[in-house]
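Below is one structure; the comments refer to it alone.
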Amino acid sequence: MAASSLSSPAASRTPNLKSAVAPSPSPSTRRAPADAASASITAESKARFEAYNRLQAAAVAFGEKLPIPEIVVIGGQSDGKSSLLEALLGFRFNVREVEMGTRRPLVLQMVHDPTALEPRCRFQEEDSEEYGSPMVVATAIADLIKQRTESHLRKIQAAVSSKPIVMRAEYAHCPNLTIIDTPGFVLKAKRGEPESTPDEIRSMVKSLATPPHRLVLFLQQSSVEWCSSIWLDTLKEIDPTFRRTMIVISKFDNRLKEFTERWEVDAFLSASGYLGDNIHPFFVALPKDRGTISNEEFRRQICHVDIDVLRHLRDNVKGGFNEEKYGSHIGFSCLRKYLESELQKRYKEAAPATLALLEQRCTDVSMDLTRLDSKLQATSDVSQLRRSAMLHAASICTHLHALLDGSADPDPEIWGKTTEEEQMHSAIGSWPGINTPVKPANSSLKLYGGAAFERVMHEFRCATYSMECPQVSREKVANILLAHAGRGGSSRLTEAAAEIARAAARSWLAPLIDTACDRLAFVLQSLFDLAMERNRDKDSQHHQNVEDMDSYVGFLAALRCSYYKFVKELSKQCKQIVRHHLDSVTSPYSHICYDNDFLSDVGSVANPMSRFSHFTGVTSFDLADSGSALEEAQENLPPRDQQHSTPPTSKGNESKEVLRESQLTVPETPSPDLPSDIHGGRKKENGIPNDGGPRKRHARMAAYTNRNHHNSMIVGDDMGSKSGSSYSTICAISAQYFAKMREVLIERNVPSALNSGFLTPCRERLFLALGFELFAVSDDKFMDMFVAPGAVDAIQNERNSLLKRQKILLSCLHEFKNISRAL
């Protein structure tokens, strides 16, 4: 009853409770949503992992630098890296026997596939994104790794290489994980390897582990104390703060027997003072049995080792260890779970940035394809290519004109040269015959173009004026003087001095002129690179829609050669023109040394054209003196009344003498034996002045006669008797002749000749000359500058490669877009 009465209220309330509260689900019913959520997360993680694996394969095949999250394993040789990789894979393939980590990196793409009850391993083909056929035999995997390593190293002639081998392993017992195994650090090279191998391995590992998107898995044997760790400093160089580093202490079972008390274990597990408070290493031990066992037995041994390590720490160490703090970091299974979860976390974080980067790469590849298509089209459209080439050549010529007229773009501090740099880069050196350094104005400034041209002109002027008339030996003077004396005239001294000066000018000024032309040609040739730089800057600033000619190396080389040839031809012509001016100035018929002002400077008689008359025969008669013609005709004897006299310097006396002669009656038909009056440049015939033509010739003949007369008063009948005074006199006069020739040449002839010979053609007919050589040719010859033998095939092959690259990048982009939507 009681029970009934007790149950009555409950029974009365039961219908209300049933209507308000649903029946409690069974345990199997509760697990169903959780299993569904877990399956959804697993599927999402696998899809993300597969997308990154394909992207990584594309990056390796095409050399893409993509910030894909990856794990890079580093450590010393024999620190257990190979054993760890086999444990992660879940099967052995004798990787340690081929020493793969000592030569090339190995990228292991582990894919968890529940249907793969046996491991399926495929290797990515070299220089391709394609994978080969699956391999299931462990020895075949090891042999292929060894064969590819040795073949590649022979090809590049090196002991190690940073180009990785990519292996994809699909297995039901491996995690979704991608690991890059690197060569182990060594202190000394093996026998037969270069001594630099340890440094090369260290440099390569640092380059692989330094990118910030890569996680670093650092292995070190448990027998190594933290204070004596050899490679810990190298790890700090790669990741100073350990923000992306996971440290694994391998072969932990070798250290267990040293622990007897809890504090010893905790001190070792904490690595206090060496890694920081927030860094917790993993402690792993793996089976030591290397016998032939099945894959299942290998995995079972891994689990047993983890259990044995924990049992030893709990039972054989007094007080055990801080399991709450360090328990999650002891054992291989803990490391495997952490690596997989950490990599998936990084994948998820990097997905948006990877998607943006893929979009940019796809755009870049499309632009490259467009460029190659335009190249292929240009090979068939010769007229368009001619037009683009002409526009490019015209633009270069325009920039050359601007540089010659004066410009400060590009920066002269970068592109200009000092005088010393010009001499060094031109390989011309110093000025010939000049022993002292020539420092023109602004020699220390970096100049180019028209400014550099004018500085070289000024430097040439300074070098020329720093040269004095070279000394001549007495023997040479005697030979020249006596040779002139044997010609029957009385102008022995002056003519000898003039001849010496002319020879000196020809031999010493000619090399200076050639050097000046070569230096100026170098200044002009240097402008080509500046014009190219200006043209590139102009195109980039104005974004002009013109075809890029920088890729046509053959055409640019031909354009450069044509310009250099043009400048070289200008230099050759200028040398000829200036040499012609030099020959004119140093000619015996030149009036430079015989004009009135110059003769008065060297002590000659002023106004010589007013003293002598013109004869159709011998011109050695001096009408101003009364000596006989026979005495005048003897070239070694001066007139009797002038042997001890000095040259007259009075202009009035000469005029008087000529006036006396001019008072003679001129016959209607002059006789060749009588002098003709040229006083004042005039002669009368029947009271009518003659025309100007004959007067010029009579004046020059009179000047020549006057020189003969003047020198007959200076030179004695014996060279030996007055050798000292005659030698000094002839040297002094020849120096003045040399200075006069140099002055006329440098101040009057050379500057205008060089300016008109170099600058004017560059401004007026440069484009015409370049166009005639480059474009006035047949289409076949024109296309030779753009299409080398086999170039079309090479462009087509490059285009095909880009198409493959575009296809796989677009596929990866599509996958990452789907992943981003799921996130």
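The values are calculated or read from the model by the stated rules, or taken from the named source; none is laboratory data. Since the model is a prediction, treat every value here as computed from it, not as a measurement. Glycine gets a Cβ as well: all are built from the backbone with ideal geometry, and neighbour counts include every protein chain shown. What goes into the accessible areas is simple: the full protein's heavy atoms, side chains included, and nothing from ligands, DNA or RNA. Shrake-Rupley method; radii C 1.70, N 1.55, O 1.52, S 1.80 Å.
Ligands, DNA and RNA aside, residue 115 has an accessible area near 110 Å² when probed at 1.4 Å.
Near the amide H of residue 184, within less than 5 Å, lie the amide hydrogens of 102, all on another chain or at least 5 residues away, with H placed in the peptide plane.
Scaled to the compact-protein estimate 2.2 N^0.38 Å, what is the alpha-carbon radius of gyration of segment 50-233, rounded to two decimal places?
1.01
Take every DSSP beta bridge whose two residues both sit in segment 50-233; close to 40 percent of them are antiparallel.
Which of the peptides 152-164, 549-561, 735-747 is most tightly packed, and how do the rest follow, going by the mean number of other Cβ atoms within 10 Å of each residue?
735-747, 549-561, 152-164
Phi-derived couplings, Karplus 6.51 cos²θ - 1.76 cosθ + 1.60 at θ = phi - 60°, listed residue by residue for segment 199-204: 5, 5, 5, 4, 5, 5 Hz, with x used for Gly and Pro.
Of the residues 306, 233, ranked by 1.4 Å probe accessible area with the largest first, the sequence reads 233, 306.
In this structure, residue 338 and residue 50 have a Cβ-Cβ separation that, at R0 = 22 Å, corresponds to a calculated FRET efficiency of about 0.55.
Whenever you get a sec, compute what percent of the accessible area on segment 50-233 sits on carbon and sulfur atoms (1.4 Å probe).
51
For segment 226-323, the relative contact order is 36 percent, taking Cα pairs closer than 8 Å that sit 6 or more residues apart in sequence and dividing their mean separation by the residue count. Amide H to amide H distances under 5 Å link residue 447 with 417, 418, where only residues 5 or more positions off or on other chains count and H is placed in the peptide plane.
Normalised per residue, the accessible area of segment 50-233 is 40 Å², obtained with a 1.4 Å probe and no contribution from ligands, DNA or RNA. Computed from backbone phi, the HN-Hα couplings of segment 446-458 come to 8, 10, 8, x, x, 5, 5, 4, 5, 5, 5, 4, 5 Hz, rounded to whole numbers (Karplus: 6.51 cos²θ - 1.76 cosθ + 1.60, θ = phi - 60°; Gly and Pro given as x). Shown in residue order for segment 754-770 are the 3J(HN,Hα) couplings computed by the Karplus curve 6.51 cos²θ - 1.76 cosθ + 1.60 at θ = phi - 60°: 6, 5, 6, x, 9, 6, 4, x, 5, 7, 9, 9, 5, 4, 5, 5, 5 Hz (x for Gly and Pro). Based on a Kirkwood Rh over C-alpha pairs, give the Stokes-Einstein translational diffusion coefficient of segment 319-374 at 10 °C and viscosity 1.306 mPa s in µm²/s. Here the translational diffusion coefficient equals 105 µm²/s.
In this structure, the amide hydrogen of residue 90, modeled 1.01 Å from its nitrogen in the peptide plane, lies closer than 5 angstrom to no residue at least 5 positions away or on a different chain. Dividing the mean sequence gap of close Cα pairs (under 8 Å, 6+ apart) by how many residues segment 50-233 holds gives a relative contact order of 36 percent. Accessible surface for residue 583 stands near 80 Å², nearest 10, in the context of the full protein assembly shown (1.4 Å probe).
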